[in-house]
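Since the structure comes first, as structure tokens, the remarks are kept for the end.
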Amino acid sequence: MTIDDISKLILTNETRILELKKSTGELKDGMKSACAFLNTDGGWLIFGISPNSLKIVGQQVTDNTRQEIARELTKLEPAIDLKVEYIDIPSKPNFHVIAIYFNAWPRGTTPYTFDSRPYYRVESTTKVMPREMFENRIRESKPHLFAWERIIADDINIDDLDNNLIANIVRGGVNGGRLSNAALNEPIENILKKFQLLKDGKPNNAAVALFTKESGNYTQLQLRMARFKGNVKNEFGDNQLATGNFFTLFDAGMAFFFKHLNLSGKIVGIKREEELEIPYIALREALTNALCHRTFDSLGTSVGIAIYDDRVEIENPGCLPTNLTVESIKYPHDSYPRNPLIANVLYLSTYLEKWGSGVSRIIEVCRQYDVPEPIYEERGGFIHVIFMRKSYVEINEPQNEPQNEPQNEPQNHYPKELSDRQQQIINIIKKTPNIKKIEIAQILSVSESTIAREIKNINKYIHISWEGSSKTGHWILITNY
């Protein structure tokens, strides 16, 4: 590196990847910034530049200077091999600029500390790393030692897990092409071993979160659900708390959406097609992500659903991965599962996709149904996904055209021959015409074959059929009731 290179490097003031110091008299502060670079996106630490004027002043370098720099560098942990460059200043004989480059932090490695304290970079400022961020990085760097999901569960054995649920998940994975047919005949213990949910014959916390029959002392295995009157948390219209494994909480959350969200409808040909005001697929993906990718370490924290007049908020404990923001998460990105064992089981059972595509799918389906794309926020130790309610947006938009359709339609009254379950199936299909039979089965906690049989019986009284391909088709429902 030459003095011309330095001149080009300091054309602008300090940035996220550039820290300037007038001399090594500020060596300790400089090393804090060095630690921050190592924990963030890397950067240059340069001594001999006036930060205010950006003037190259340089300094004399003695053996003592070199030893002092080396001594402070050894306070960076883990130990790191660095090249310190001493650049001559032609206009000032015996004066040098001292430059050190620090690489960016590789995700999944131990965070760096200087003098036993961790630092990170926020724009051009060096800050002490928050404890939660530091602990998250420690857990990521040594998941076999620190990850909550890998810890052996207290006072839990295989008999405390729901074998029928495990078998259903295996069948779902086989039907989805993500597990081989041989898995259908595997003993439960072998399945759990392959899912990495057993250690020395004992279930770990991931097994409990996925398949426990009773939540017991696991206070994290809860889902808070509230319908508030208005747009603030002043008055409850409905307040529920569900406890149990992932699948129990998921079903409870989806049922709460169906209970409290409105329908929108349009006439297509001779049929009236109805759908949930926020697409079912978007809500399903967002709730799955919240339950799967949350932090489990803090007792008493839980995922929450809050429905207001104007919006729906899904919140989960934790923070976004270091290299994602509330804006960048909306674009294609790598997958960073906080709980990879849980995420892997959900992937194999087709509840979850890999490759960081979940948010993109949520945005895509919202656009498809002309619903505002969700807003992502980090606040109070929680990640919030916010969907604006289509019904509220439409009511509060200026009305430029007269409304031809009646605003209050009578409720449907089905033939008395239809059972309660059959009427539930019709309501679900009316709300979400592109929902699959397996998804209806999951909502109603029955098998897919049961749904197929019920639809066959419904057809004795109401025409209901699937039109189009298995992936992009939809239900046709014709009724005079």
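Using only Cα atoms and rounding to the nearest 10 degrees, what angle (0 to 90) does helix 420-431 make with the longest principal axis of the chain? Helix 420-431 and the main axis of the chain meet at about 50 degrees.
Rounded to the nearest 10 degrees, the angle from helix 246-260 to the longest Cα principal axis of the chain is 60 degrees. Taking the fewest neighbouring Cβ atoms within 10 Å as the starting point, the ordered list for VAL128, VAL232, VAL174 is VAL232, VAL128, VAL174.
Based on DSSP, what percent of beta bridges with both residues in segment 3-141 are antiparallel, to the nearest 5? Can you show the working numbers first?
On the way: 20 of 24 bridges.
If we restrict to bridges inside segment 3-141, about 85 percent are antiparallel.
The charge dipole of the chain, taken about its Cα centre with unit charges on the Cβ of Lys, Arg, Asp and Glu (plus for the first two, minus for the last two), comes to roughly 480 debye. Is the C-alpha gyration tensor of the chain telling us rounded, prolate or oblate? Criteria: a/c under 1.5 is rounded; beyond that, a/b larger than b/c is prolate, otherwise oblate. The shape class here is prolate. The alpha-carbon atoms of segment 146-211, seen along their principal axes, cover 33, 23, 18 angstrom, with the largest extent given first. At a threshold of 8 angstrom on Cα-Cα distance, excluding pairs fewer than six apart, so keeping six or more, what relative contact order does segment 3-141 reach in percent? Relative contact order here is 30 percent.
Bridging of LYS92 to lysines at a Cα separation below 22 Å is possible for LYS8, LYS21, LYS22, LYS55, once same-chain residues fewer than 8 apart are set aside. What's the longest uninterrupted piece of the chain once you rule out the GluC sites (Glu not before Pro) that are loop residues per DSSP with at most 10 other Cβ within 10 Å? Formally, the longest exposed-site-free interval is 1-122.
Taking the Cα atoms only, what angle lies between the long axis of helix 358-368 and the longest principal axis of the chain, rounded to 10 degrees? On a 0 to 90 degree scale, this one is about 50. Pairs over the 32 Å Cα-Cα cut-off, from the set LYS330/LYS390; LYS199/LYS437; LYS194/LYS430; LYS193/LYS430: LYS199/LYS437; LYS194/LYS430; LYS193/LYS430. Of the chymotrypsin sites (Phe, Trp or Tyr not before Pro) in segment 337-392, the ones in a loop by DSSP (not H, G, I, E or B) with at most 11 other beta carbons within 10 Å are TRP355. Backbone amide hydrogens, once placed in the peptide plane, bring LEU18 within less than 5 Å of TRP44, excluding anything fewer than 5 places away on its chain.
Any read-out appearing in this document is the output of simple, stated calculations on the displayed coordinates, not a laboratory observation. The structure presented is a predicted model; accordingly, all values stated were derived computationally and were not measured. Glycine also receives a Cβ, built like all others from the backbone with ideal geometry; neighbour counts cover every protein chain displayed.
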